[in-house]
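Structure, as C-alpha cells:
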Amino acid sequence: MNEYGYPLQPDSQRTLRNLFVHTTRNVLLAIIYLLLSGVGAIIQLRRVNKHEPPLQPGTFHPKRILVIRLDLIGDLVMSLTLVRILKRTYPNAEIDLLAIPSSASIVTADPDIATILTTDPNIWRRPKALIQLSNWLALFALIRRMHSRHYDVAVSVFGPWAAIFTLLSGAKRRLGFGQEGYYGFLTDSVAGRHWDRRDHKHEVDYCLELAQAAGATITPEDRIPHLDVDPQAQRDVERLLEQEGVAADALIIACHVSSHNGYAKRWPVPYWATLIDRLIREEHAVVILTGAPNDQPLIEQVLQRTHEHPLNFAGKTSLPQLAALLQRANLMITGDSGPMHIAAAVGTPLIAIHGPTDPALSGPVSPNATVLRNNIWCSPCYKAKGPADCRFHTTQCMKNVTPNQVFVAVQKKLDSVDDASKQETSHEH
C-alpha cells in the first residue's frame, strides 16, 4: 500500500493477467447464459396457456414467501424494506430470507423473518468447487429444505444467482427483474434491471418496485430501511464498553475506515488519522474504530499515524453486536460501506464520504445522514460490474474531501443532535 492506504499501481504483467481472467470469465458467463436460457425456454413452453391470478391481496393468499438477496451487508439491510412491506401486505404469510452466510446474521432479530437460509453462490466461481462433493451436498440440502417449505412465491431482489434460486426453490410464482434473470425462469417479471443509468434509481427504490409488483401499496415511510437490533447484542456491547472504561455519558464516535467492495471507496489513511486526533482533542470524543478481522492491517496504518488513542474494536464484534454498537454511538463517520447502511437503518446520525459511488443510487437513506463528496469530473464512476477501484490509480475524488471539511460537518451534526435533544426535553416538560 502507498502512504494513502491504497494499493500500488499494478505492473503490466498483472494487468495482462487480470485482462485474461476478465475475458475468460465473460466467455464462460456467455456460455452459461445460453445454456440456462435454453432451460428457461423449455420451462416457458410448459407454461403456455396457463393463467395465474395477479399478485394482489384480494386474489393471492400466500402462506410462505421467500425473499432472495445474495449480496453484501448494505444491500441486504436496504432489502429489509421489501420484507417489511410484504409482511404488511400479506400478514398471514411466513417470510423466509435466503442470504449469503457473511451477511445473514445482521437480520437475525427481524421479527418479520420466519426462517433465514444461507448459501454462497460465489464459491461456484472457482472451478475446483465443481469437483468438491461437499459443495454439491450442501446445495442439494438447501434445495430440499426450500422445497419442504412449499413457497407460494419467491422474490429475486437482485442478480442472476437470485433468479436461479427462485427456480430451485420450487416456488409456484417467481418474481424479479426480467433483465437480471434467465429467460423463462421468472413467472412474474418487472421490466428492466438494477443499475440502469437511464433510471437513476436508488437501491431502495428497486425494492419498492418489487413490492408494488407483489401487490403492495407503498407509503413514503417505506423508503427508509429499519434494522431491529438484538437485545442480547446490546447487552454485550454495554459490557464491552464498560471493560474498555467508556463512561455511560461519553460522546462515542464510530469510524469505519474500510470498504470491502473496492479500495477507491476508502478515505485516505492520513486523513483518518488527522480527523481522529481532532475528534479526541477538540470534541473530547471516544473514537471507536470498527471493522472485521481482515481490516486490521488498514487500521494499523491509521493507528501508526495517530497521536491520540482511539479504541480498536475491529474483529471484536459480531454483526449483531456491530449494529448494537452503532446504535449506541452518538455519530458514525464512514465511506460508502455496509456499516454505513447499518448505522442509517438503526437511526444513528451519520456522515458518509462518497467518491466513486453515487449517493443518489447507493447512499444512506436516513434523515440523520449527511453525505460529503467532491464533484470532480470523473466522479461518480462506479458501474456495479466489479470492485470500486480507480482506473487512474489516484482516487482523487476521495482525497479532495479534506479532514477539515469532515470535522466541520461533525461539529454541525453534533450541534443539530444537541438542539433536537433539547427540544425533546422541553416538550416532555
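No value in this document is a laboratory result; all are computed from the given coordinates. Since the structure is predicted, the reported quantities are computational estimates derived from the model, not experimental observations. In this analysis, Cβ positions are derived from the backbone assuming ideal geometry, glycine residues included, and neighbour counts consider all displayed protein chains.
For M146, M340, what's the fewest-to-most ordering of other Cβ within 10 Å of each Cβ?
M146, M340
Roughly how big is the chain's charge dipole about its Cα centre, with Cβ charges of +1 (Lys, Arg) and -1 (Asp, Glu), in debye to the nearest 20?
So the dipole magnitude of the chain works out to roughly 2000 debye.
Within a 10 angstrom radius of the beta carbon, how do F140, F158, F60 rank from fewest other beta carbons to most?
F140, F60, F158
For an R0 of 60 angstrom, estimate the FRET efficiency from the Cβ-Cβ distance between I42 and R235 and round to the nearest 0.05.
Rounded to the nearest 0.05, the efficiency is 0.65.
Sorted by average packing, counted as other Cβ atoms within 10 angstrom per residue and highest first, what order do 164-174, 299-309 take?
Peptide ranking by packing, descending: 164-174, 299-309.
Check the straight Cα-Cα distances from K385 and name the lysines below 30 Å, setting aside those fewer than 8 residues away within the same chain.
Counting by Cα, and skipping residues close in sequence, K385 has these lysines nearby: K128, K201, K265, K399.
Could you identify which residue out of T24, T81, T115 has the top mean-square fluctuation in a GNM of the chain using Cα springs shorter than 10 Å?
Ranking T24, T81, T115 by mean-square fluctuation puts T24 first.
Once Lys and Arg get +1 and Asp and Glu get -1 on their Cβ, which of N312, P62, A254 lies farthest toward the positive end of the dipole of the chain?
The residue sitting farthest along the positive end of the dipole is P62.
If amide H atoms are built 1.01 Å from N in the plane of the peptide, which residues on other chains or at least 5 residues away come under 5 Å of the amide H of R174?
For R174, the qualifying residues are A154, T187, D188.
Tell me which of Y183, L227, H393 sits at the most positive position along the dipole axis of the chain, charges placed on C-beta atoms (Lys, Arg +1; Asp, Glu -1).
Y183
By what distance, in whole Å, do the Cα atoms of the chain stretch along each of the three principal axes, largest value first?
71, 66, 42
Consider just the alpha-carbon atoms of the range 241-293 and return their Rg together with their Dmax, both in angstrom.
12.8, 36
Under 23 Å Cα to Cα from K87, which lysines show up? Leave out anything in the same chain fewer than 8 places away.
K63, K172
Alpha carbons only, please: Rg and Dmax for the range 54-223, in angstrom.
15.3, 49
Once you compute Rg and the Kirkwood Rh from C-alpha atoms, what is the Rg to Rh ratio for the range 231-428?
Dividing the radius of gyration by the Kirkwood radius yields 0.95.
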